[in-house]
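Below you'll find the structure, written out as structure tokens, and then a few comments.
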Amino acid sequence: MVIKPRLKGSLALTAHPAGCEEFVKRQIDYVKKSDKYSGPKKVLIIGSSSGYGLASRISLAFGAGADTIGVAFEKGVEGKRVGTAGWWNTVAFTEEARKEGLIAKNFMGDAFSDEIKENVIEYIKKEFGGKIDLLIYSLASGVRTDPKTGITYRSALKSTTNEIEGPTINLEKENIENGKMEVATEEELISTVKVMGGEDWKLWIEALDKADVLTEGFKTVAYSYLGPKVTYGIYKEGTIGAAKRDLERTSNELNDYLGKKYHGEAYVSLSKALMTRASAVIPVFPLYAALLYKIMKEKGIHEGTIEQKHRLLKDMIYGDHKELDSDRRLRPDNWEMREDVQSAVESLWDKVTPENFKELTDYAGVREEFMNLNGFDFDNVDYDQDLDLDELAAKKI
Ligand code: NAI
Ligand code: NA
């Protein structure tokens, strides 16, 4: 089987297993060449298969020698379908980690369910040495079933003020379209907070605490985003911003609880804007990213997912460069938010048109990163190769 990229809007419909392997290996190489850190030994990552969760797992394993448990919602080969990028990322990570003698255990299923929490806890107790010292919470999901009530909530990427129109990049058509964001109903706002807020993070910590599998000094970090003024309407003041504020409230509750009981800590970390599966579909966001990449690359301060997470973990969480803001949030987005960066982005923002965006922004860089997420556009991967589905299906994680 030969796999070609297929896009629908800014969603990728196919993924290339050999390219995903290359994607993971390049991140591992980056960490191997970078400075190391110590502290994390037994780590649980929720949302471990792509984007920021995957990069965190790679940094922790290859930068600090940590054993990891990953939880993600991905599928391998089914019939003629080759499976998701996150599955193949996980296969590649697991093979490489085990080569180094590290434990890499994976749970593929719904992180929001009680069942997966029970299974993970049982595994920690029986086979993972009994306790974890770090939990990374990096979920991005559109739907969540509340395990207590059985009610299913769907998140909505909408405005909470007024209808917003703005330019956005369509990666399939490679053009700029007018993105529209409608105003959320009260129910949509509540649902988005249910899906993307802090409730499930707290349920994980409560379950792990009750099962007595947290170490003294246990830490937990959840990933969030704030973004600059040009995206306030769609992000900070949107339904997703409300969910992220709920996540921040939860971090403070958890920090108090964990501090008292374990001398532990809970943080929200505001990461830099990057192209991932989750962010590519947010209106306006890809165009902002394309402008930001251009400016940050010109200034020599651009970072990808792995650079962001390695810096967060090595310098801030386990190092002595903890950049906390007045709301007690970790700020690895500090370079994105620099005054000179944002004013350069703003002045370009006013000049961008559907005709000139490929020249004026780093569209090529954004597109390449997006294709790489699904294993495409690597110069050293042979995309004409005929992949054997049976051989791929036999790969276990
Ligand atoms: P992503 O889409 O690359 O990763 C999401 C992960 O969640 C995947 O591992 C997926 O398998 C997993 N997942 C989704 N639903 C699940 C479920 N029901 N059960 C188990 N696993 C499930 O997303 P990305 O961008 O890495 O986002 C992760 C976090 O980082 C989010 O909270 C996001 O808001 C935040 N973030 C993202 C930024 C960006 O620019 N992409 C910037 C700052 C923060
Ligand atoms: Na992630």
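The values are calculated or read from the model by the stated rules, or taken from the named source; none is laboratory data. Everything numeric in this text was worked out from a predicted model, so none of it was measured. All Cβ positions, even for glycine, are placed from backbone atoms using ideal geometry, and neighbour counts span all protein chains on display.
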Completion exercise
Apart from one, (1) more than 19 Å from the chain's Cα centre (by Cα); (2) at pLDDT below 95; (3) not acidic (D, E) all hold for F285; the odd one out is (1)
Exercise for the section: Give, as residue ranges, the strands (runs of 3 or more DSSP E) completely inside the range 120-227 that count at least 3 residues that are closer than 18 Å to L60 by Cβ. Expected result: 132-137, 214-224
Fill in the blank from the handout: Taking the range 41-73 and the residues there that are touching a Lys or Arg at 6+ places or on another chain (Cβ under 8 Å) and away from ligand 1 (no atom under 16 Å from the Cβ), the one that is nearest to N374 (Cα to Cα) would be F62
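Rundown of residues vs (1) closer than 15 Å to N334 by Cβ; (2) among the acidic types (D, E); (3) within 16 Å of ligand 2 (Cβ to nearest atom), yes/no style:
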| site | (1), (2), (3) |
| --- | --- |
| N252 | no, no, no |
| D256 | no, yes, no |
| Y262 | no, no, no |
| A273 | yes, no, yes |
| S279 | no, no, yes |
| V284 | no, no, no |
| M296 | yes, no, no |
| K299 | yes, no, no |
| K309 | yes, no, yes |
Practice task
State whether one or more residues within the range 232-249 are among the hydroxyl-bearing types (S, T, Y), within 16 Å of ligand 1 (Cβ to nearest atom), buried (at least 19 other Cβ atoms within 10 Å of the Cβ) and more than 18 Å from L135 (Cβ to Cβ).
Solution key: yes
Completion exercise
Considering only helices (runs of 4 or more DSSP H) wholly within the range 324-376, the ones with at least 1 residues that are in contact with a Pro (Cβ under 9 Å, 6 or more places away or on another chain) and under 17 Å from H302 (Cβ atoms) are 339-349, 363-373
Exercise for the section: Evaluate the following for G217: is it surrounded by fewer than 16 Cβ atoms within 10 Å (Cβ to Cβ) and within 30 Å of K42 (Cβ to Cβ)? Expected result: yes
Practice task
Kindly list, by first and then second residue, each pair from a residue in the range 35-52 that is within 14 Å of ligand 2 (Cβ to nearest atom) to a residue that is among the β-branched types (V, I, T) and part of a loop (DSSP other than H, G, I, E, B), limited to pairs with Cβ atoms under 9 Å and residues at least 6 apart or on different chains.
Solution key: S49/T84; S50/T84; S50/T276; G51/T276; Y52/T276
Problem - Hits in the range 254-268 (condition: out of contact with any Lys or Arg (no Cβ under 7 Å at 6 or more places or on another chain) and either free of Cβ contacts under 8 Å to residues at least 60 places away in the same chain or within 12 Å of ligand 1 (Cβ to nearest atom) (or both)) - result: D256, Y257, L258, G259, K260, K261, Y262, H263
Fill in the blank from the handout: Within the range 103-151, restricting to residues that are farther than 18 Å from F218 by Cα, within 16 Å of ligand 2 (Cβ to nearest atom) and among the polar types (S, T, N, Q), the one that is modelled with the highest pLDDT is N106
Completion exercise
Residues in the range 265-284 that are touching a strand residue (DSSP E or B) at 6+ places or on another chain (Cβ under 7 Å) and of a type outside the set (D, E) total 9
Fill in the blank from the handout: For T239, the lone unmet condition from (1) in contact (Cβ under 8 Å) with a residue 60 or more places away in the chain; (2) among the β-branched types (V, I, T); (3) away from ligand 2 (no atom under 16 Å from the Cβ); (4) within 24 Å of D114 (Cα to Cα) is (4)
